[in-house]
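Okay, structure first, notes after.
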Amino acid sequence: MSISEPVNLTNCDREPIHIPGSIQSHGAMLVIDPVSQRLMYASSNVPSLTGYQGDLIPGTDISLIVGEKNAHDFRNAAAKAREPGLSSIIIGFRFPRLAGLFDAIVHTHQGKTFVEFEPCPDHGQTARQALDLTRSVIHRLGREDSVERAASIGAKLMRAMLGYDRVMVYRFLHNGAGRVIAEAKSSALGSFLGQHFPASDIPVQARKLYISNTIRMISDTASRPVELMPALEVGADPVDMSFAQLRSVSPIHCQYLNNMGVAASLSISIIVDGALWGLIACHHDTPKVTALPLRIGSELFGQYFSLHIAACERRATLRAAAEVRTKLDELVSRLSTNNSMRDDLIAQLPEFAKLVSSHGAALWMNDHWFQTGDALNEQTTRALLEIAKQQAPGDVWSTAHLGRHLDHPVANVAGMIAIPLSVTFGEYLVLFRNEEAHQLEWAGEPAKTVVRTPFGERLTPRGSFETWREDVRGQSTPWTEIDLSVARAIATYLRDVILRQSEISEKERIRTDQRRRILNAELNHRVKNILALVKSIARQTGMGAKNVEDYAQTLEGRLRALASAHDQSLDGSKSGLIGALMETEADLYRDDRAPDRVILSGPRLGLDHRAYSVLSLVIHEMMTNAAKYGALSTPLGQLRIDWKLLSSGECAISWLETGGPMVVQPTRTGFGTKLIRSSLEYDLRGKVHIEHRSTGLFATFVLPAAYVGVADIEAVVVDGAHARALFSLDHTSVLVVEDQSLIAMDVEDTLRSMGAEDVRLAGDPEEALHTLLTFRPQVAILDFNLGAITSEAIAEQLTALGIPFIFMTGYSDQSSIPERFQHIEFVRKPINDVALAAKLSTALAQSTPRHDPVRSQL
């Protein structure tokens, strides 16, 4: 490193700590030529530790220095340590000229054999102690199944095993900085637990050495290093001590430890999947030499601890992934392959956001944008999606620092994951995280001080290790590997659903073409029959008409009844309700002044298509005659219709007129009567009985059991006098979703006339969903077909919120409504106010409040 280059934060990264040219003073080093077994280099303290009195001249036979037996043992040890990073150990040997015992560690590197030896303090007792302690701590650690518990127990075990004043488990974060996640210490020391260490505290080259050499001891930060001899010749390569345990310490690092009040340290690397996950850092207030056997035991513990941490993380990942997959399966199961994928996803967006702890979500699909919770706007997000396409085409893209990718600031949101749903069309599900504005507790200010030294300006460690705090802004909580794994699973799941939907759509298209051809043929047949029937009705009506006006009115009414019957014949359901049919006809003759002119009473009975069509014509004829000649032709007249289910399964309908004009026996049988008798008696094999009583017409109609079914067990009594009171909407709040403004206003007026207090209107799904963020109606009315789109997404959201709703439609049936909503009540346009009130009251009675998934994200 040039001493004249500008001072910057990378200087420490270029300090050549692997070639210091010296060792620590608690041991000695011999560097030997592995072929000739002659000396290449030696530390200057070799004579004092070995008793050798000669000069340490390169080329000296090594046996002359250490003795024949030791030279032989060193050679054999080197032969066992040929792999990079592998070393051999010799415990409790003696030098010929001294009485003390020594331990040695031997390795080979770059064509040299390194023999490092140091005094053995207790004649082999330490070796047995190291073995016993290592076995004990590994056994104890095996009980823990979480990273947090393993780190905590590991720190305590290592302190008990090695006797250091403080043992910390230090974990590297996503940005290279570190955090103390566990600590065992003397009660006299302050705590570093939870504090952060800046990435610059451990330079790049030091991190590389921690991977290749997994244990590092510094016995005394104040001790002077011992030089290797002889000095390097000009142009010679320095001795690479990357794997040497006695390698001397950088002065910068010694000062760093002194600032912490540390005189000795021992670091054990935690390596997970080949990367430096963290360190077990042991600190002592006074100089301390940990015997070689204990260091080897600690190294073994570190290897086991690394494996255990990896296993704990994998278990945690698998558990989290399993939980998320279960939730994801549940979410995907709600996505229908028969409906709009986009609308389904919009309804489930808040749930997808929860899978990876997000604060908001957005969907770009089919050239439409939708967002929920805390999210960026469409323009900003689409600009980021272009970056995602370039940097991670077809894959999940993430950032925890959006400010790095934008040329303008954004409020709150700081992190984003982009999940591609379609590479071809550039469709994405996007999840957002808010800014994590927080304070980091650093172990000292993470900036090094420039000082002048005899060697020029250098960056030195901070002079104080008091806690220093730094505000961190503009960043979100980092996306973890688990988060990214879940995001990729979401992409895979949703792509599968989209693919299945495409396949189903193609099959459905083929089936639809087939059904269309069949339907065209059937409609052709029906139209011919209808035209023939219309011709007959027109001819017979003309024969009995008094004038053109009478003819037009009668013909119009009969054709309307025929149209109603035709609607029922095209109904996709199996039957129609008798009560609904009666209501439709009765409402024509009710008004506010005489709401009880027509009284209806009976159970909920259903008829099949054929019977319903016939009864529709019959009831219309009866109503028309009552309005022309009977009870409904006078203000005081009244009509009562009752129906019931007989024990035989037949349906008996009773018709009674009172208060009308005097009844006169007819002199001939009109077309209406012929139509009634032929339809019921001939077409259905039913029964007809008509009496022209002086007080009013009385009739009974019996429909065969084959055409009748019980809709439910509850009896329904509906009459014009009590309908509005029975189905009161007093003080009710209602959301109306209708794209035709005139219809929406008409419905609003109707609801308010029935007592509704707060009525909100929305013209499309986006406006409706936005309204639901701040307004919680008691009930909602949805026009299912909103132009080119549907209200399906709103229905999904209302279901999630537990808000009851009904549909209204201009179609004659529910065929346009998805299968999962077929149970929802619906009313046809034009809206009948009594029917509307009844449906809303039923929906309100069946409602169940639920958790609010939108507000939980706000």
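The values are calculated or read from the model by the stated rules, or taken from the named source; none is laboratory data. Here the structure is a predicted model, which means the values were calculated and not measured. Cβ sites come from the backbone with ideal geometry, for glycine too, and all protein chains shown count toward neighbours.
Residues of region 278-318 that are β-branched (Val, Ile, Thr) and either more than 30 Å from the chain's Cα centre (by Cα) or closer than 17 Å to Val167 by Cβ (or both): Ile280, Thr286, Val289, Thr290, Ile296, Ile309.
Please state which one of Ser63, Ser152, Ser88, Ser146 is polar (S, T, N, Q), surrounded by fewer than 21 Cβ atoms within 10 Å (Cβ to Cβ) and within 20 Å of Thr290 (Cβ to Cβ).
Values: Ser63 fails: within 20 Å of Thr290 (Cβ to Cβ); Ser152 fails: within 20 Å of Thr290 (Cβ to Cβ); Ser146 fails: within 20 Å of Thr290 (Cβ to Cβ).
Sole residue among the options that is polar (S, T, N, Q), surrounded by fewer than 21 Cβ atoms within 10 Å (Cβ to Cβ) and within 20 Å of Thr290 (Cβ to Cβ): Ser88.
In region 141-168, the residues that are touching a residue at least 24 places away in the same chain (Cβ under 8 Å) form Cβ pairs under 6 Å with partners that are part of a strand (DSSP E or B) and surrounded by fewer than 20 Cβ atoms within 10 Å (Cβ to Cβ), at six or more places apart or across chains, as follows: Ala151/Ile181; Arg166/Lys185. Kindly check whether there is at least one residue in region 65-74 that is hydrophobic (A, V, I, L, M, F, W, C), at pLDDT 90 or above and not in a helix (DSSP H, G or I). No: zero hits.
If the condition is being under 24 Å from Ser816 (Cβ atoms), out of contact with any Asp or Glu (no Cβ under 8 Å at 6 or more places or on another chain) and part of a loop (DSSP other than H, G, I, E, B), then region 760-783 contributes no residue at all. On the stretch given as region 250-272, residues that are within 45 Å of the chain's Cα centre (by Cα) and either assigned by TED's automatic domain parsing to the domain that holds Ile309 or not in a helix (DSSP H, G or I) (or both) total 9. When the residues of region 48-59 are filtered to those that are crowded, with 17+ Cβ neighbours inside 10 Å and of a type outside the set (A, V, I, L, M, F, W, C), the one that is farthest from Cys120 (Cα to Cα) is Tyr52.
With Glu116, Glu144, Glu148 as the choices, which residue is of a type in the set (Asp, Glu) and more than 48 Å from the chain's Cα centre (by Cα)?
Details: Glu144 fails: more than 48 Å from the chain's Cα centre (by Cα); Glu148 fails: more than 48 Å from the chain's Cα centre (by Cα).
From the options Glu116, Glu144, Glu148, the qualifying one is Glu116.
Per-residue answers, yes or no, for (1) of a type in the set (Phe, Trp, Tyr); (2) under 30 Å from Asn70 (Cα atoms); (3) not assigned by TED's automatic domain parsing to the domain that holds Arg38:
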{"residue": "Ile91", "(1), (2), (3)": "no, yes, no"}
{"residue": "Arg97", "(1), (2), (3)": "no, yes, no"}
{"residue": "Gly100", "(1), (2), (3)": "no, yes, no"}
{"residue": "Ala104", "(1), (2), (3)": "no, yes, no"}
{"residue": "Lys112", "(1), (2), (3)": "no, yes, no"}
{"residue": "Ala151", "(1), (2), (3)": "no, no, yes"}
{"residue": "Leu157", "(1), (2), (3)": "no, no, yes"}
{"residue": "Leu162", "(1), (2), (3)": "no, yes, yes"}
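From the list Arg382, Arg433, the one residue that fits, being within 15 Å of Asp483 (Cα to Cα) and either touching a residue at least 12 places away in the same chain (Cβ under 8 Å) or touching a Gly at 6+ places or on another chain (Cβ under 7 Å) (or both), is Arg433.
Would you tally the residues in region 385-427 being among the charged types (D, E, K, R) and either closer than 17 Å to Thr477 by Cα or touching a residue at least 12 places away in the same chain (Cβ under 8 Å) (or both)?
In the first step, residues of region 385-427 are kept if they are among the charged types (D, E, K, R); the result is 386, 389, 395, 404, 407, 427.
Next, from what is left, pick out any that are either closer than 17 Å to Thr477 by Cα or touching a residue at least 12 places away in the same chain (Cβ under 8 Å) (or both): 389, 395, 404, 427.
Selection size over region 385-427: 4.
So if I check each of Glu657, Glu681, which one is acidic (Asp, Glu), touching a helix residue (DSSP H, G or I) at 6+ places or on another chain (Cβ under 7 Å) and free of Cβ contacts under 8 Å to residues at least 60 places away in the same chain? Walk me through how you get there before you give the answer.
Values: Glu681 fails: touching a helix residue (DSSP H, G or I) at 6+ places or on another chain (Cβ under 7 Å).
Among Glu657, Glu681, only Glu657 is acidic (Asp, Glu), touching a helix residue (DSSP H, G or I) at 6+ places or on another chain (Cβ under 7 Å) and free of Cβ contacts under 8 Å to residues at least 60 places away in the same chain.
Quick check: anything in region 591-599 in contact (Cβ under 8 Å) with a residue 12 or more places away in the chain, basic (Lys, Arg) and either surrounded by 21 or more Cβ atoms within 10 Å (Cβ to Cβ) or touching a Gly at 6+ places or on another chain (Cβ under 9 Å) (or both)? Spell out how you get there, then give the answer.
Pass one, region 591-599, residues in contact (Cβ under 8 Å) with a residue 12 or more places away in the chain: 594-599.
Those still in the list that are basic (Lys, Arg) too: 597.
Imposing the further condition that a residue be either surrounded by 21 or more Cβ atoms within 10 Å (Cβ to Cβ) or touching a Gly at 6+ places or on another chain (Cβ under 9 Å) (or both) reduces the set to 597.
Checked region 591-599: at least one residue is in contact (Cβ under 8 Å) with a residue 12 or more places away in the chain, basic (Lys, Arg) and either surrounded by 21 or more Cβ atoms within 10 Å (Cβ to Cβ) or touching a Gly at 6+ places or on another chain (Cβ under 9 Å) (or both).
Would you mind finding the one in Ser816, Ser847, Ser812, Ser856 that is among the hydroxyl-bearing types (Ser, Thr, Tyr), modelled with pLDDT under 80 and touching a helix residue (DSSP H, G or I) at 6+ places or on another chain (Cβ under 6 Å)? I'd like the intermediate steps shown before the answer.
Numbers: Ser816 fails: touching a helix residue (DSSP H, G or I) at 6+ places or on another chain (Cβ under 6 Å); Ser847 fails: touching a helix residue (DSSP H, G or I) at 6+ places or on another chain (Cβ under 6 Å); Ser856 fails: touching a helix residue (DSSP H, G or I) at 6+ places or on another chain (Cβ under 6 Å).
Checking each option against the conditions leaves just Ser812.
Restricting to region 155-178, name every residue that is crowded, with 19+ Cβ neighbours inside 10 Å and assigned to a strand (DSSP E or B). Steps first, please.
Taking region 155-178 as the starting set, the residues that turn out to be crowded, with 19+ Cβ neighbours inside 10 Å are 155, 157-159, 161-162, 164-170, 172, 178.
Across region 155-178, the qualifying residues are Arg166, Val167, Met168, Val169, Tyr170, Phe172, Gly178.
Across region 631-651, the number of residues qualifying as of a type in the set (Gly, Ala, Ser), surrounded by fewer than 17 Cβ atoms within 10 Å (Cβ to Cβ) and touching a residue at least 40 places away in the same chain (Cβ under 8 Å) comes to 2.
Being surrounded by fewer than 20 Cβ atoms within 10 Å (Cβ to Cβ) and either at pLDDT below 90 or more than 24 Å from Arg590 (Cα to Cα) (or both) is true of Ile831.
Let me confirm something: among Leu349, Leu355, Leu328, Leu292, which residue is crowded, with 22+ Cβ neighbours inside 10 Å and touching a Leu at 6+ places or on another chain (Cβ under 9 Å)? Don't jump to the end; show me each part of the working.
Numbers: Leu355 fails: crowded, with 22+ Cβ neighbours inside 10 Å; Leu328 fails: crowded, with 22+ Cβ neighbours inside 10 Å; Leu292 fails: touching a Leu at 6+ places or on another chain (Cβ under 9 Å).
Within the list Leu349, Leu355, Leu328, Leu292, the selection yields Leu349.
Report yes if Ala626 is assigned to a loop (DSSP other than H, G, I, E, B) and over 21 Å from Gly686 (Cα atoms), otherwise no. No, not satisfied.
Out of all the residues in region 664-684, is one or more within 19 Å of Thr584 (Cβ to Cβ) and among the charged types (D, E, K, R)? Scanning region 664-684 turns up no residue that is within 19 Å of Thr584 (Cβ to Cβ) and among the charged types (D, E, K, R).
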